[in-house]
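Here's the structure, in structure tokens; my notes come after.
What follows draws every value from the coordinates through simple rules; no lab data is involved. In this text the structure is predicted, and so the values were computed from the model without any measurement. Positions of Cβ are backbone-derived with ideal geometry, glycine not excepted, and every protein chain shown enters the neighbour counts.
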Amino acid sequence: VLAVPVLFKQALENTEMEEGKSVSLRCELTKADATVVWKKGEATLQASAKYEMKQKGTVAELVIHNAEPEDA
């Protein structure tokens, strides 16, 4: 049985943010509930007070709280 690869239906887009506010990054996948790993460069982001990961069906979302210039 061949596994169907998970692809992006809607990729991430550049988002402007205001320092100190929250910003949401969203992408849509071709398969519901696929495993999503968020990274900044080579570092894998972990859920914390700063990074909130959400996933519902085919939509994955990363919320960055208290955004700073280093989050670019």
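Extending 7 Å from Cα along the Cβ direction at His65 and again at Val23 yields two label points whose distance is 1.8 nm.
Using Cα pairs under 8 angstrom and six or more residues apart, how large is the relative contact order of the stretch 1-71, in percent?
Working: 111 pairs, mean separation 25.3, N = 71.
Answer for the stretch 1-71 is 36 percent.
Modelled this way, with points 7 Å down the Cα-to-C-beta line, the labels at Ala11 and Thr35 are 2.4 nm from one another.
Backbone geometry of the stretch 62-71 corresponds, through the Karplus equation with coefficients 6.51, -1.76 and 1.60 at θ = phi - 60°, to 3J(HN,Hα) couplings of 10, 10, 9, 8, 6, 4, 10, x, 5, 7 Hz, x marking Gly and Pro.
In order along the stretch 23-38, the phi-based Karplus estimate (6.51 cos²θ - 1.76 cosθ + 1.60, θ = phi - 60°) of 3J(HN,Hα) comes to 10, 10, 10, 10, 9, 10, 10, 7, 10, 5, 6, 5, 6, 10, 10, 9 Hz; Gly and Pro are listed as x.
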